[in-house]
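First comes the structure, then the notes that go with it.
The values are calculated or read from the model by the stated rules, or taken from the named source; none is laboratory data. Computed from a predicted model, the values in this text were never measured in an experiment. FYI the Cβ positions are ideal-geometry reconstructions off the backbone, even for glycines, and counts take in every protein chain you see. In case anyone asks, the SASA skips ligands and DNA or RNA and just uses the protein heavy atoms, side chains included. Shrake-Rupley method; radii C 1.70, N 1.55, O 1.52, S 1.80 Å.
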Amino acid sequence: MLYQRSSALFKEAEQVIPGGVNSPVRAFKAVGGTPIFAKSAKGAYVYDEDDNRYIDYINSWGPMILGHAYEPVVNAVIDKAKDGTSFGMPTEIETQIAELAVSMVPNIDKIRFVNSGTEACMSAVRLARGFTGKEKIIKFAGCYHGHSDAFLIQAGSGAVTFGSPNSPGVTQGTAKDTLLARYNDLGHVQQLLEANQNEVACIILEPVAGNMGCIPPVNGFLKGLRQLCDAHNVLLIFDEVMTGFRLAKGGVQELYGVDADIVCFGKVIGGGLPVGAFASRNEIMSHLAPLGNVYQAGTLSGNPLAMAAGLAMLRSINEDSGLFKRLEEKTAYLHKGCAEALNTNNITHTINREGSMISIHFAEEAVIDFESSAKGNNERFKSFFHGMLEQGIYIAPSAFESWFITDALTYEDLDETIRAVETIAKSL
């Protein structure tokens, strides 16, 4: 494929945008080469500025669960824009989408809309600290909750020590309040809680991880976290920015039958527009301003365009009783085909899947946490990524990201993808 236009646009962008991109993973630094500039998308396909067509497995990192340019969402945004794009005042549509979201998700009474997943997670942690009166939090290595200071923490020097900043600009003072645990390791979480008695406000995690590849929780992990939180008077926060409304109508809480105290949303809930949200039961949400003294605000929170897109998306999901079954079947079909192609060519790999999220790891052992994910063959992934790109398949430009399946994908698209894997596997 030719990427002349994309290459030229990237050079122009580098002159006025740091690194030429507005989000670092887009820069292709993890895989090498020049990023592809998108021009348009429809259904399961994205088209670049050189008019190359790709079967898309990023889908804007998850929200396009029903396909790009999904007509009900597009029409809702166009119609709403004609009435004005933002007022800084309450609107009826905010209540409508709130009522629908609360009806779909278990264990929540109220929801507040914000503008991004980062903002949702940041606000959820502040609310947890305000509710409990405690300051420390536990997060998991490899789980990404946005670029708020409290989440940009790497491991400390010991198993039960606080972490240290992994980005300049994050203070040691912030880092000391973030404890880093190993994903899928209840024993380590228990160690941290016991070493920091009565100091931990909350545990936050992606209940199905998507930022170290797709990594589902091992059997009993989420229920074990719930029990530990109850025993130590700690709030459990599910970051469902990726999984909410994608793995089930009620997200991972519904899928695994485990209640969280606070749930964060993004991606799907915005129908492709910048939207995030956090939700909880009345007892906790009553601490949020203007009812309580935990402050959170946003001029564009609940803006009518984002609410219109989100409402149209959630209505479509809520009314389609066969959606999640179709998505799971398509993902299982892709899993089987890719595994056969790689096995036939003796390519060492492991594939993780949960619902409509899937990832291929070029690793020898099971991938259950960040450490095992990091053992994958990155050089092989780079070759795989660029091979897929040349075959017209667009996957995340990082070995540590999930693929997202959209309902717009046909079985012909899946077969084309599997054939591409077969072709590339011969040269890996």
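Residues of region 291-349 being among the β-branched types (Val, Ile, Thr) and in contact with a His (Cβ under 7 Å, 6 or more places away or on another chain), which ones?
The initial filter retains those residues of region 291-349 that are among the β-branched types (Val, Ile, Thr), namely 294, 299, 317, 331, 344, 347-348.
Correct list: 294 only.
Do you know which of the residues in region 341-373 that are in a helix (DSSP H, G or I) and touching a residue at least 24 places away in the same chain (Cβ under 8 Å) is nearest to residue 205 (Cα to Cα)? Filtering region 341-373 for residues that are in a helix (DSSP H, G or I) and touching a residue at least 24 places away in the same chain (Cβ under 8 Å), the one nearest to residue 205 (Cα to Cα) comes out as 370. Restricting attention to region 74-83, the residues that are closer than 19 Å to residue 39 by Cα and either open to solvent by less than 50 Å² (accessible area, probe 1.4 Å) or among the acidic types (Asp, Glu) (or both) total 0. Restricting the first member to region 299-315 and to residues that are touching a residue at least 60 places away in the same chain (Cβ under 8 Å) and charged (D, E, K, R), and the second to residues that are in a helix (DSSP H, G or I) and open to solvent by 10 Å² or more (accessible area, probe 1.4 Å), the beta-carbon pairs closer than 8 Å and six or more apart or on different chains are 315/72; 315/100.
Quick one: would you say residue 142 is part of a loop (DSSP other than H, G, I, E, B), among the small types (Gly, Ala, Ser) and in contact (Cβ under 8 Å) with a residue 24 or more places away in the chain? It is true that residue 142 is part of a loop (DSSP other than H, G, I, E, B), among the small types (Gly, Ala, Ser) and in contact (Cβ under 8 Å) with a residue 24 or more places away in the chain. Checking each residue in region 39-72 for being more than 18 Å from residue 356 (Cβ to Cβ), surrounded by 20 or more Cβ atoms within 10 Å (Cβ to Cβ) and either charged (D, E, K, R) or out of contact with any strand residue (DSSP E or B) (no Cβ under 7 Å at 6 or more places or on another chain) (or both) picks out only 48. Suppose the filter is open to solvent by less than 50 Å² (accessible area, probe 1.4 Å) and more than 26 Å from residue 404 (Cα to Cα); does residue 36 pass it? So residue 36 does not fit the description; no.
Among the residues of region 383-428, write down those that are within 16 Å of residue 53 (Cβ to Cβ), open to solvent by less than 10 Å² (accessible area, probe 1.4 Å) and assigned to a loop (DSSP other than H, G, I, E, B). Result: 392, 395, 406, 409. Scanning region 256-281 for residues that are surrounded by fewer than 24 Cβ atoms within 10 Å (Cβ to Cβ) and among the aromatic types (Phe, Trp, Tyr) yields a single hit, 256.
Going by the structure shown, is residue 221 modelled with pLDDT of 95 or more, in contact with a Ser or Thr (Cβ under 6 Å, 6 or more places away or on another chain) and not aliphatic (A, V, I, L, M)? Step through it out loud before you land on a result.
Details: modelled with pLDDT of 95 or more: yes; in contact with a Ser or Thr (Cβ under 6 Å, 6 or more places away or on another chain): no; not aliphatic (A, V, I, L, M): yes.
Spelling it out, it is not the case that residue 221 is modelled with pLDDT of 95 or more, in contact with a Ser or Thr (Cβ under 6 Å, 6 or more places away or on another chain) and not aliphatic (A, V, I, L, M).
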